[in-house]
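Step one of this worksheet: look at the structure below.
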Amino acid sequence: METRGGFYISQIKQLQDRIFERLLLENGIEISGGQGRILFVLWKTDHLTISQISEKTSLAKNTVSVVIDGMVNKGIVEREINPENRRQSIVSLTEYAKSLQAKYEAVSQQMNALFYHGFSEKEQEQFEQYLARILETLTEILRTYR
């Protein structure tokens, strides 16, 4: 049996990112998808290291570092040396980033409505359970490579 799940997930992700970025721009929020993923994590828990952000976003550490540099230049986040470990830096939200949260969450809800258009609640729940199982399996496999 030929399966296409990975292909569909990849296509969906690309389309979702493009639509989401357009929705953000329409709402006056000029941030990229990668920046949004990092902001989403920091809005839940501020003052994190690059490693913690990498783990919570599933983005590679070097990718997080590059995206954070751009965010620092735009005044979205601040980067400070960790007083407990001088080799690490702590990333924190600026007041500007905090002011974007409500607008960003409204756009996220709009995207969710588009994403699940035509799905019953039960179908949404089942779909997310399947995705969570795949994510769990792949996360475990990745741990074996470390």
*What helices in the chain pass both tests, a Cα length along the helix axis of 24 Å or more and a mean Kyte hydropathy of -1.0 or higher, using whole DSSP H runs?*
5-26, 95-115, 121-144
*Solvent-free Debye scattering, log10 I(q)/I(0), computed from the Cα coordinates of segment 41-106 at q = 0.19, 0.20 Å⁻¹*: -0.72, -0.80
*Mind checking the dipole of the chain: about its Cα centre, +1 per Lys or Arg Cβ, -1 per Asp or Glu Cβ, Debye to the nearest 20?*
400 debye
*Fully extended, how many nm does the chain gain between residue 12 and residue 60 (0.36 nm per residue separation, minus their Cα-Cα distance)?*
15.2 nm
*With label points built 7 Å along Cα→Cβ from the Cα atoms of residue 134 and residue 115, find their separation and express it in nm.*
1.3 nm
*Lysine pairs meeting the criterion (Cα under 17 Å, 8 or more apart or interchain), as found in the chain*: 4
_Centroid-to-centroid separation of segment 1-22 and segment 58-118 [C-alpha atoms, Å]_ = 23 Å
*Could you tell me which of 62, 33, 77 has its Cα farthest along the dipole of segment 12-115 towards the positive end, charges placed at Cβ (Lys, Arg +1; Asp, Glu -1), taken about the Cα centre?*
62
*Tell me, which longest segment in the chain has none of the GluC sites (Glu not before Pro) that fall in DSSP loops with at most 12 further Cβ atoms within 10 Å?*
85-146
*Label the chain by shape, choosing from rounded, prolate and oblate, from the square roots a ≥ b ≥ c of the eigenvalues of the Cα gyration tensor; if a/c is under 1.5 it is rounded, and otherwise prolate applies when a/b is larger than b/c, oblate when it is not.*
oblate
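Taken together, the values in this text are just the output of simple stated rules run on the coordinates, not laboratory data. Note that this is a predicted model, so its numbers are computed, not measured. Cβ atoms come from the backbone with ideal geometry, glycine included; neighbour counts cover every protein chain shown.
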